[in-house]
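**Student:** Input: one structure, supplied below.
The values are calculated or read from the model by the stated rules, or taken from the named source; none is laboratory data. Everything numeric here is computed off the predicted structure, so don't read it as measured data. Cβ coordinates were reconstructed from backbone atoms using ideal geometry, including for glycine residues, and neighbour counts include every protein chain displayed. Keep in mind that these areas ignore ligands, DNA and RNA; they rest on the heavy atoms of the full protein, side chains included. Shrake-Rupley method; radii C 1.70, N 1.55, O 1.52, S 1.80 Å.
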Amino acid sequence: MEFLIPILIIVLVVILASIRQISEYERGILFQFGKYKKILSPGWNIVLPIIQSYQKVDIRTKAVDVPEQDAITKDNVSVRINAVIYYKIFDASKAVIAVERYQYAVSQLAQTTMRNAVGAVSLDELLGERDKISTEICKIIDEATDPWGIKVENVELKDIKLPEEMQRVIAKVAEAEREKQAVITKSLGEEEAAKNLAKAAQVMGSTPGALHLRTLATLNDVSSDQSNTIIFAIPIEVLRAFESSNISDVIDKVKKKKGE
């Protein structure tokens, strides 16, 4: 009995020293004699000293900032572009066994894939179809990292920087486009106004007295301002009638009518 007590104490100390805690968001990769044995689940696990070893792997989704890269588009425009990649580990054993430093490997793969994707499109496509290009980059990286036990969830292009000269050119193009739209809008308005005037003239011409009423309304509007000068257009037949008649006779007739 005296020999059992020290042995039990030694066994208890070894067991306590062998306990390893795995958090809920982690998985443990257990090696025995250097060979992969199994994945340790969250909780307390026994890892025997000397015989066994283990490595923790965080399986939460990670957001990795891809450093800013110099790239050349399909139409030979130099740009600087950076992105954010979101990925998570779905097989912890592959992430440890199949690739060394999977974080570094994913970052390097994202950089090269991003440069290749930018080189395959023009500048207009890069600026106008950013979401589509991000999806293509995500698909390529996800397929490449699948053997590593990594699932790429999303890739977002954060910023696209252009040379100053190219920025000025794009600004001029945008300004010219706005001016073009303004001219088109103005011409469409003038065309619509001309059509409405033509319809109004047609209605007035076909309706007896409508033109006279419109003339009177116009005269009323013009005469409301005393600073306006009104010129009446008299038909040539009326003037000829005055020429052919004796002006003095006309004046006498007017005076007689007033005397009456």
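**Student:** For VAL66, only one of the following conditions fails: (1) more than 17 Å from LEU109 (Cβ to Cβ); (2) crowded, with 17+ Cβ neighbours inside 10 Å; (3) β-branched (Val, Ile, Thr). What is its number?
**Tutor:** Answer for VAL66: the failing condition is (1).
**Student:** Over 20 Å from the mean Cα position of the chain (by Cα) and touching a residue at least 60 places away in the same chain (Cβ under 8 Å): which single residue out of LYS161, LYS151 fits that description?
**Tutor:** Numbers: LYS161 fails: over 20 Å from the mean Cα position of the chain (by Cα).
Every option except LYS151 fails the conditions.
**Student:** Please find, within the range 71-115, the residue that is farthest from GLU165 (Cα to Cα) out of those that are free of Cβ contacts under 8 Å to residues at least 40 places away in the same chain and surrounded by fewer than 18 Cβ atoms within 10 Å (Cβ to Cβ). Please lay out each step first, then the result.
**Tutor:** Going residue by residue through the range 71-115, those that are free of Cβ contacts under 8 Å to residues at least 40 places away in the same chain are 76, 100-101, 104, 108-109, 112-113.
Among the residues that remain, those that are also surrounded by fewer than 18 Cβ atoms within 10 Å (Cβ to Cβ) are: 76, 100-101, 104, 108, 112.
Working: ASN76: 14, GLU100: 43, ARG101: 41, TYR104: 35, GLN108: 30, THR112: 26 Å.
So, considering only residues that are free of Cβ contacts under 8 Å to residues at least 40 places away in the same chain and surrounded by fewer than 18 Cβ atoms within 10 Å (Cβ to Cβ), the one farthest from GLU165 (Cα to Cα) is GLU100.
**Student:** Shifting gears a bit: Among residues belonging to the range 35-47 that are open to solvent by 70 Å² or more (accessible area, probe 1.4 Å) and farther than 30 Å from TYR86 by Cα, point out the one that is modelled with the highest pLDDT.
**Tutor:** Taking the candidates together, the pick is LYS35.
**Student:** In the range 1-33, which residues are open to solvent by 70 Å² or more (accessible area, probe 1.4 Å), within 30 Å of LYS88 (Cβ to Cβ) and part of a loop (DSSP other than H, G, I, E, B)?
**Tutor:** If the condition is that a residue be open to solvent by 70 Å² or more (accessible area, probe 1.4 Å), within 30 Å of LYS88 (Cβ to Cβ) and part of a loop (DSSP other than H, G, I, E, B), then GLU24, TYR25 are the ones that fit.
**Student:** Here's another thing I want to ask about it. Among the candidates GLN21, GLN69, GLN32, GLN52, which residue alone is over 43 Å from the mean Cα position of the chain (by Cα) and closer than 30 Å to GLU153 by Cβ? Write out each step before concluding.
**Tutor:** Details: GLN69 fails: over 43 Å from the mean Cα position of the chain (by Cα); GLN32 fails: closer than 30 Å to GLU153 by Cβ; GLN52 fails: closer than 30 Å to GLU153 by Cβ.
It is GLN21.
**Student:** Which one is surrounded by the most Cβ atoms within 10 Å (Cβ to Cβ), of the residues in the range 138-166 that are within 29 Å of ASP91 (Cα to Cα) and in contact with a Leu (Cβ under 8 Å, 6 or more places away or on another chain)? Outline the logic, then answer.
**Tutor:** Step one: filter the range 138-166 for residues within 29 Å of ASP91 (Cα to Cα), giving 138-158.
So of that shortlist, the ones also in contact with a Leu (Cβ under 8 Å, 6 or more places away or on another chain) come out as 141, 144-145.
Numbers: ILE141: 21, ALA144: 17, THR145: 24.
The extreme case among them is THR145.
**Student:** Further question on the same structure: Would you say ILE50 is touching a strand residue (DSSP E or B) at 6+ places or on another chain (Cβ under 8 Å), within 30 Å of LEU12 (Cβ to Cβ) and open to solvent by 70 Å² or more (accessible area, probe 1.4 Å)? Walk me through it before giving the result.
**Tutor:** Numbers: touching a strand residue (DSSP E or B) at 6+ places or on another chain (Cβ under 8 Å): no; within 30 Å of LEU12 (Cβ to Cβ): yes; open to solvent by 70 Å² or more (accessible area, probe 1.4 Å): yes.
Taking the combined requirement at face value, the residue does not satisfy it.
**Student:** Still on this structure: Do you know which residues across the range 7-34 are of a type in the set (Ser, Thr, Tyr) and modelled with pLDDT of 90 or more?
**Tutor:** So in the range 7-34, the residues of a type in the set (Ser, Thr, Tyr) come out as 18, 23, 25.
Selection gives SER23, TYR25.
**Student:** Considering each of ARG115, ARG80 in turn, give the residue that is within 21 Å of the chain's Cα centre (by Cα) and assigned to a helix (DSSP H, G or I).
**Tutor:** On the way: ARG80 fails: assigned to a helix (DSSP H, G or I).
None of the other options fit; the residue is ARG115.
**Student:** Just give me the residues in the range 34-59 being in a loop (DSSP other than H, G, I, E, B), β-branched (Val, Ile, Thr) and out of contact with any Asp or Glu (no Cβ under 9 Å at 6 or more places or on another chain), in sequence order.
**Tutor:** Applying the first criterion (in a loop (DSSP other than H, G, I, E, B)) to the range 34-59 yields 34, 41-42, 47-51, 59.
Within this subset, residues satisfying the condition of being β-branched (Val, Ile, Thr) are 47, 50-51, 59.
Hits for the range 34-59 are VAL47, ILE50, ILE51.
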